[in-house]
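*Asks:* Mind looking over this structure? Questions follow.
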Amino acid sequence: MRRGNRRLSLWRFLLALVLLAGVGAGSMYGNQWLKAARVAAAHQPWFAAYVDVTATPTFAFEQMGASGGSHDAVLSFIVSSPSSACTPTWGAAYTLAQANGSLDLDRRIARLRQQGGHVAISFGGLDNQELAVGCTDPDQLLAAYRSVVDQYHIDTIDLDLEKTGLTDQAAAARRATAIAKLQAERRAQGKNLAVWVTLPVDPQGLTEDGTNAVSQLLGKGVDLAGVNVMTMDYGASLGSQSMLDGSQSALAQTARQLSILYQRAGTHLSDATIWSKLGATPMIGQNDDTNEIFTLDDAKSFNQFARSHKLSRMSMWSANRDITCGSNYVDTKVVSNSCSGVKQGNQTYAATLGAGFGGNLSQSAGVVTTAEPAATQTPDNPATSPYQIWSPSGAYLEGTKVVWHHNVYQAKWWTEGDTPDNPVLQSWQTPWTLVGPVLPGEKPIPQPTLAPGTYPNWTGTTAYNTGDRVLFNGVPYQAKWWNQGQSPAAASSNADASPWTPLTQAQINALTTSSK
């Protein structure tokens, strides 16, 4: 992320005690029930803004929540010392001891905790060097991470991976090994350590570097509390989408990718559990890209989307910026580290994004990820499906909608034999877009089809001119240039070289409408 200077409810608890008393303290059933209740409590959603600890002016995070908002904070960023790669520092400017003296950091954290707040520490960020990049000694790297956890007595850490911290595969392996050992150490001591990984994202989901990072962590045995995506700074990938639409798409795609990554790691998780392992962090107000502004209205709608999908975490970059810029700040298109660049009035992004996220960030620290049984897959029923059931032998035009495993998919281009829910990590690897589930009570929607004889069947002996249309295996094609003896079948394997292009579903719809 950009930086400047660079519960268990009471009735459930009582019921658990009653059950335990009734069947004995050593009862397996009682222990399992209580564990399940604790896990359910731990999935209460929480909000915590990032705080840039070393930014000027200094932000008084110890006073957060004084007006009734969230007390929790994700303090950022711990990085390597410029002179000693295995020495953790705050923003490459203060060692842990120096931050205690110059910033009074330890005392301020203690003050926040006095008021009921919780703290997580974030490693990495956009600027400076994440510890694992330069610290190549495994023991020293583990000691560096451990020293931060011990210094601040935290149970939640955040790995903000960007630039080299994201792309350096050797560093990724070192980091994953060290974090897995640290987490195992803590659990052996009866302590908890929740590990969140924060990654850049675009409307198509995590990049390949991002999915590799998650795969590395899972492969080394890190029990991830979740994946937090930076819904910001999309650049050209946003296209014509709004910031809100792009951010919602990014979350949906990341959920799909995360499910596949866990499946590949040998752990099946339900859709609900996957969504509970997601967090989102928008950059409030003016983003680094001058054309991107995340408004308060965006924040309100994004909060509703996140709550409806039961995300566990919501954050923002950053608490330092959650205020209207003063009148002397001339160009709000130039991103400030201490104001949002938009007129907020008496509203705050923290209150808007955090609405309904009433838990605290420590709640996920004791949750252990366990595999869940895969749901029994019942066949799709044509009588209750709005669109045709996908068939491996079917040819589908661009824009065609099908039903597969009780979900609706839409073809992005002509496709044949490509399974709609094929577990690919990147969206460009599949010709299908997941639209959403088949809804209760749906019935088949009549689909436009071409009447027999609308176009002649293709033959290899006929010469075709530009614009001529034919049917090939029931699919309509149009000639791009004069050709003879060149089968439309080649259009699916080499679209640029083929003289034929299949009509889209939209074109067929227009044809059938005009013929009525």
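The values are calculated or read from the model by the stated rules, or taken from the named source; none is laboratory data. These figures come from a predicted structure and were not determined experimentally. Positions of Cβ are generated from backbone atoms using ideal geometry, with glycine treated the same way; all protein chains shown enter the neighbour counts.
*Asks:* Right, ALA395: within 19 Å of ALA506 (Cα to Cα) and exposed (fewer than 14 other Cβ atoms within 10 Å of the Cβ) or not?
*Replies:* Details: within 19 Å of ALA506 (Cα to Cα): yes; exposed (fewer than 14 other Cβ atoms within 10 Å of the Cβ): no.
So ALA395 fails the test.
*Asks:* For residues that are part of a strand (DSSP E or B) and closer than 30 Å to SER487 by Cα, scanning just region 424-434, find the one that is modelled with the highest pLDDT.
*Replies:* From region 424-434, those part of a strand (DSSP E or B) are 432-434; that's our starting set.
After this cut, where a residue has to be closer than 30 Å to SER487 by Cα as well, the list is 432-433.
On the way: TRP432: 94, THR433: 91.
Ranking the qualifying residues of region 424-434, first place goes to TRP432.
*Asks:* Can you give me the number of residues within region 212-242 that are in a helix (DSSP H, G or I), at negative phi and over 15 Å from the mean Cα position of the chain (by Cα)? Quick ask: steps written out before the conclusion?
*Replies:* Quick first cut of region 212-242, residues in a helix (DSSP H, G or I) only: 212-219, 235-238.
Still in the running and at negative phi: 212-219, 236-238.
Remaining after also requiring over 15 Å from the mean Cα position of the chain (by Cα): 216-219, 236-238.
Qualifying residue count, region 212-242: 7.
*Asks:* Something else: Would you point out which residue out of ALA180, ALA173, ALA188, ALA184 is of a type in the set (Gly, Ala, Ser), at pLDDT 95 or above and touching a helix residue (DSSP H, G or I) at 6+ places or on another chain (Cβ under 7 Å)? Step through it out loud before you land on a result.
*Replies:* Working: ALA180 fails: touching a helix residue (DSSP H, G or I) at 6+ places or on another chain (Cβ under 7 Å); ALA188 fails: touching a helix residue (DSSP H, G or I) at 6+ places or on another chain (Cβ under 7 Å); ALA184 fails: touching a helix residue (DSSP H, G or I) at 6+ places or on another chain (Cβ under 7 Å).
Just a single option satisfies the conditions, and that option is ALA173.
*Asks:* I would also like to ask the following. Taking the condition in the same structural domain as THR281 (by TED's automatic domain parsing), modelled with pLDDT of 95 or more, in contact with a strand residue (DSSP E or B) (Cβ under 7 Å, 6 or more places away or on another chain) and within 30 Å of ILE157 (Cα to Cα), does ALA350 pass? Quick ask: steps written out before the conclusion?
*Replies:* Numbers: in the same structural domain as THR281 (by TED's automatic domain parsing): yes; modelled with pLDDT of 95 or more: yes; in contact with a strand residue (DSSP E or B) (Cβ under 7 Å, 6 or more places away or on another chain): yes; within 30 Å of ILE157 (Cα to Cα): yes.
When the stated conditions are applied, ALA350 passes them.
Here's the yes/no breakdown for (1) among the polar types (S, T, N, Q); (2) touching a helix residue (DSSP H, G or I) at 6+ places or on another chain (Cβ under 7 Å):
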{"position": "LEU425", "(1), (2)": "no, yes"}
{"position": "LEU439", "(1), (2)": "no, no"}
{"position": "THR454", "(1), (2)": "yes, no"}
{"position": "THR461", "(1), (2)": "yes, no"}
{"position": "ASN465", "(1), (2)": "yes, no"}
{"position": "ASN494", "(1), (2)": "yes, no"}
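*Asks:* Now for a separate question. Can you spot a residue in region 487-501 that is within 26 Å of SER249 (Cβ to Cβ) and among the acidic types (Asp, Glu)? Full working, then the answer.
*Replies:* If we filter region 487-501 for residues that are within 26 Å of SER249 (Cβ to Cβ), which is where we start, we get 495.
Those still in the list that are among the acidic types (Asp, Glu) too: none.
No - not one qualifying residue is present in region 487-501.
*Asks:* Output yes when any residue across region 326-343 is within 16 Å of PHE47 (Cβ to Cβ) and either modelled with pLDDT of 95 or more or in contact with a His (Cβ under 7 Å, 6 or more places away or on another chain) (or both), and no when none is.
*Replies:* Looking through region 326-343, none of the residues is within 16 Å of PHE47 (Cβ to Cβ) and either modelled with pLDDT of 95 or more or in contact with a His (Cβ under 7 Å, 6 or more places away or on another chain) (or both).
*Asks:* Hey, can you tell me all the residues within region 342-364 that are out of contact with any helix residue (DSSP H, G or I) (no Cβ under 8 Å at 6 or more places or on another chain) and not basic (Lys, Arg)? Reasoning before the result, please.
*Replies:* Taking region 342-364 first, the residues out of contact with any helix residue (DSSP H, G or I) (no Cβ under 8 Å at 6 or more places or on another chain) are 343, 345-346, 348, 351, 358-362.
Within region 342-364, GLY345, ASN346, THR348, ALA351, GLY358, GLY359, ASN360, LEU361, SER362 meet the criteria.
*Asks:* Quick one: which residue in VAL342, VAL334 is closer than 19 Å to MET1 by Cβ, surrounded by fewer than 13 Cβ atoms within 10 Å (Cβ to Cβ) and over 20 Å from the mean Cα position of the chain (by Cα)? Steps first, please.
*Replies:* Values: VAL342 fails: surrounded by fewer than 13 Cβ atoms within 10 Å (Cβ to Cβ).
None of the others qualify; the one that does is VAL334.
*Asks:* Determine whether LYS277 is among the charged types (D, E, K, R) and crowded, with 20+ Cβ neighbours inside 10 Å. Let's see the steps before the verdict.
*Replies:* Details: among the charged types (D, E, K, R): yes; crowded, with 20+ Cβ neighbours inside 10 Å: yes.
When the stated conditions are applied, LYS277 passes them.
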